[in-house]
1. Any residue in the stretch 242-262 that's within 21 Å of H286 (Cα to Cα): show its pairings with residues that are at pLDDT 95 or above and basic (K, R) at Cβ separation under 8 Å, as long as the two are six or more apart or on different chains.
2. Could you tell me whether any residue of the stretch 159-180 is under 21 Å from G210 (Cβ atoms), at pLDDT below 85 and in contact with a helix residue (DSSP H, G or I) (Cβ under 7 Å, 6 or more places away or on another chain)?
3. Please go through the stretch 268-281 and pick out each residue that is surrounded by fewer than 20 Cβ atoms within 10 Å (Cβ to Cβ) and assigned to a helix (DSSP H, G or I).
4. Would you tally the residues in the stretch 205-255 being within 17 Å of T94 (Cα to Cα), crowded, with 20+ Cβ neighbours inside 10 Å and among the hydrophobic types (A, V, I, L, M, F, W, C)?
5. Search the stretch 47-72 for residues that are assigned by TED's automatic domain parsing to the domain that holds D130 and pair each with any residue that is in a helix (DSSP H, G or I) and acidic (D, E) when their beta-carbon atoms are under 7 Å apart and the residues are at least 6 apart or on different chains.
6. Among the residues of the stretch 343-354, is any among the hydroxyl-bearing types (S, T, Y), out of contact with any strand residue (DSSP E or B) (no Cβ under 9 Å at 6 or more places or on another chain) and not in a helix (DSSP H, G or I)?
7. Quick check on this structure: which one of T371, T358 is among the β-branched types (V, I, T), in contact (Cβ under 8 Å) with a residue 40 or more places away in the chain and not in a helix (DSSP H, G or I)?
8. Looking at the structure I just gave you, is S345 touching a residue at least 24 places away in the same chain (Cβ under 8 Å) and either small (G, A, S) or under 30 Å from V309 (Cα atoms) (or both)?
Amino acid sequence: MSFYVTTPIYYVNAAPHLGHAYTTIAADAMARHHRQRGEDVFFLTGTDEHGEPVADAAHALGLEPQELADKNAERFKALLPQIGASNDFFIRTTDPQHMAKVQEVLTRVRDNGYVYEGTYEGSYCPKCADFKADNEIDEGNRCPIHHIELTREQEDNYFFRLSAFQEPLERLYAEREDFVAPRTRYNEALSFLRSGLRDVPLTRHKLTWGVRVPWDPEHVFYVWFDALLNYYSALSYARPGEDLSTEFWPASCHVIAKDILRFHAIYWPALLMAAELQLPQRIFVHGYLLMDGEKMSKSLGNVLDPFAVIDRFGSDALRFYLLRDVPFGQDGSVSTEAFEQRYSSELANELGNLASRTLAMIVRYRDGALTQADPDPIIVADFDGLSTRVSELIAKAELTLALDEIWQRVRRLNRYVEEQAPWQLAKVQARAGDLDRVLGTLAEGLRVVGVLLWPYLPASSEKLLAALGASDLSLAGARIGAGGIERVSTIESLFPKSA
């Protein structure tokens, strides 16, 4: 069984911000969970380095586009270990292997009869690198995303015969209602499809910063087609000397933000059909992180620096907050105040305190050793089916709902401590067996929670499981009583309140 998950590739016209971290963290949580299921996983992220936005940003800084791409690609790479990302490859669209694969695939599209010459005229946003349809233009002839006035462009291009895929795409959407999720985004893509598809530019004649068109070197490929093909091209060279396409293509899940829905939900499957390649299994579309009611965007300047957030709270706290506070798939407001609230009330007080006092009581009352007493049936029942439920939700990219299922058990264990009062049981020799059962149940509950939280809180979960003497991260063992914990050690606070 294999699982292939991707993030969008990120423009290198500026440094990474919290929105990039958000998408990458979500894809990473999915990748980690599927590894726990024993599947072969490939997790791809990277940078989109061609096109007008990159060229314009470079020239504004007095740099060549490749210089800016090299500089900012390193900043995106640097973000990955800081947020705990476990990606298997980082692709850059200036990689020679990628560019060669783009030329190969798009030549095949042309040979299959889906490319022709023509002249395009339309309203264009240079920051989106996208021509806007009339129904996508805000009042004042402005881009609805960047709020800048659109320019009127006329250019000789090669066109992609998108209109030829009207009926095939309608069949796709009828037969696979889970192709795009959540349902609101499926409906949005279907609405665009039903409005009627028009042919779109495949190449740009006025630009030079891009992948050269092999049959007409005066053109470069339109950046979106170059970028979309990264999901396919990466598999051909991610591991030197191997082609991973047979194992991992088609992609299991493309994780994207809603502003690039049309390209992924309409253009991308049409392009793959034209190239006679299999379609991805699913596209999951998350919402925006909002500040002051606006999408977080480099060009708008309303960004939170993920590096600064990590310095203050740690990477696990960032991961937790983004997937807990903002329902995955919806828009959500973020703020430093909300970070601090979640950190203090849930990570420090609920999980951190539960771990610290459970381990401390086992060390204090039993010198760190646990007898193999049967776990409390009440907690066994409360945890019954949890790993299956979490797995079902994550398989549907319902990351926030899955996290809530786990967190309900964190709170249940905290209530169990108060209900059973082990500090009182320890005073009564005749209740030694009850104390063993309670301490063993708490240790097992913590172990299961630690395993299930690993996709969300990898560093903290590993620290907790090490203290429990339970290193197995597999989903198969995520049930009360499967751990066989023998000896534990105390742990420093997982989430210090001084942070």
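The values are calculated or read from the model by the stated rules, or taken from the named source; none is laboratory data. As the structure is a computational prediction, the values presented were derived from the model and not from experiment. Cβ atoms come from the backbone with ideal geometry, glycine included; neighbour counts cover every protein chain shown.
1. Note: pairs meeting the criteria are S252/R282; C253/R282; H254/R282; K258/R185; L261/R185.
2. Taking the stretch 159-180 and keeping what is under 21 Å from G210 (Cβ atoms), we get 159-162.
From the residues that got through so far, the ones that are at pLDDT below 85 too are none.
No; the residues of the stretch 159-180 include none that is under 21 Å from G210 (Cβ atoms), at pLDDT below 85 and in contact with a helix residue (DSSP H, G or I) (Cβ under 7 Å, 6 or more places away or on another chain).
3. M273
4. Number of matching residues: 13.
5. Hits for this filter: H50/D226; A58/E67.
6. Of all residues in the stretch 343-354, those among the hydroxyl-bearing types (S, T, Y) come to 343-345.
When the remaining residues are screened for being out of contact with any strand residue (DSSP E or B) (no Cβ under 9 Å at 6 or more places or on another chain), the result is 343-345.
Right, trim to not in a helix (DSSP H, G or I) and you get none.
So far as the stretch 343-354 goes, no, none of its residues is among the hydroxyl-bearing types (S, T, Y), out of contact with any strand residue (DSSP E or B) (no Cβ under 9 Å at 6 or more places or on another chain) and not in a helix (DSSP H, G or I).
7. Values: T358 fails: not in a helix (DSSP H, G or I).
Testing whether each residue is among the β-branched types (V, I, T), in contact (Cβ under 8 Å) with a residue 40 or more places away in the chain and not in a helix (DSSP H, G or I) leaves just T371.
8. Details: touching a residue at least 24 places away in the same chain (Cβ under 8 Å): no; either small (G, A, S) or under 30 Å from V309 (Cα atoms) (or both): yes.
Spelling it out, it is not the case that S345 is touching a residue at least 24 places away in the same chain (Cβ under 8 Å) and either small (G, A, S) or under 30 Å from V309 (Cα atoms) (or both).
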